[in-house]
Amino acid sequence: MKRPTRDAAEIDQALVGISGEPKGGLIVSPDPFTIANRGLIISLAARYRLPAIYAYRYFAADGGLLSYGHDIHEPWRQAASYVDKILKGASPANLPIQQPTKFELIINLKTAKALGVTIPPQLLDRADELIE
């Protein structure tokens, strides 16, 4: 169930509501609001014992359970080839749009243990990084 939030109090209310649902959990969308409030979201998810998945590595590094998303540095690396082509005369309008090609799964084992979540071995094997 989607619960839109506009401020810290609404984040808390939404997570309280989700925590009361059987087998509740979070999928946190990657937008400026959730990024700006990531510390609060991560701490409330821990307080209410909600497993959560995030789109960016730094959420898991900051204590979130796991993240799966594109490598946020890869587009910048790819941009260099675009700059090179444009400087050599290519029209930006004729360059193809590039989609992310490198995705990463980060699992925070310390958070999993605190939540009492057992991560399946198959998922652990596929992780790009395990945070202990």
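Of note:
- Residue within segment 105-120 that is more than 30 Å from Pro4 (Cα to Cα) and at pLDDT 95 or above present: yes
Table: residues versus (1) within 18 Å of the chain's Cα centre (by Cα); (2) hydroxyl-bearing (Ser, Thr, Tyr); (3) not in a strand (DSSP E or B).
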site	(1), (2), (3)
Thr5	yes, yes, yes
Ile11	yes, no, yes
Ile18	no, no, yes
Glu21	no, no, yes
Phe33	yes, no, yes
Gly39	yes, no, yes
Leu44	yes, no, yes
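- Filter pass, Ile27 being within 21 Å of Asp128 (Cα to Cα), touching a residue at least 40 places away in the same chain (Cβ under 8 Å) and either surrounded by 12 or more Cβ atoms within 10 Å (Cβ to Cβ) or of a type outside the set (Phe, Trp, Tyr) (or both): no
- Pro22 farther than 15 Å from Gly64 by Cβ, touching an Asp or Glu at 6+ places or on another chain (Cβ under 9 Å) and exposed (fewer than 13 other Cβ atoms within 10 Å of the Cβ): no
- Unique residue being over 22 Å from Thr5 (Cα atoms), modelled with pLDDT under 95 and surrounded by 15 or more Cβ atoms within 10 Å (Cβ to Cβ) when the list is Glu132, Glu74: Glu74
- Segment 1-12 residues that are under 16 Å from Pro32 (Cα atoms) and among the small types (Gly, Ala, Ser), paired with ones that are at pLDDT 90 or above and surrounded by 12 or more Cβ atoms within 10 Å (Cβ to Cβ) (beta carbon under 8 Å, 6 or more apart): Ala8/Asn37; Ala8/Leu40
- Within segment 81-126, considering residues that are part of a loop (DSSP other than H, G, I, E, B), small (Gly, Ala, Ser) and free of Cβ contacts under 8 Å to residues at least 40 places away in the same chain, the one surrounded by the most Cβ atoms within 10 Å (Cβ to Cβ): Ala90
The values are calculated or read from the model by the stated rules, or taken from the named source; none is laboratory data. A quick note: this is a predicted structure, and the numbers were derived from the prediction, not measured. Cβ coordinates were reconstructed from backbone atoms using ideal geometry, including for glycine residues, and neighbour counts include every protein chain displayed.
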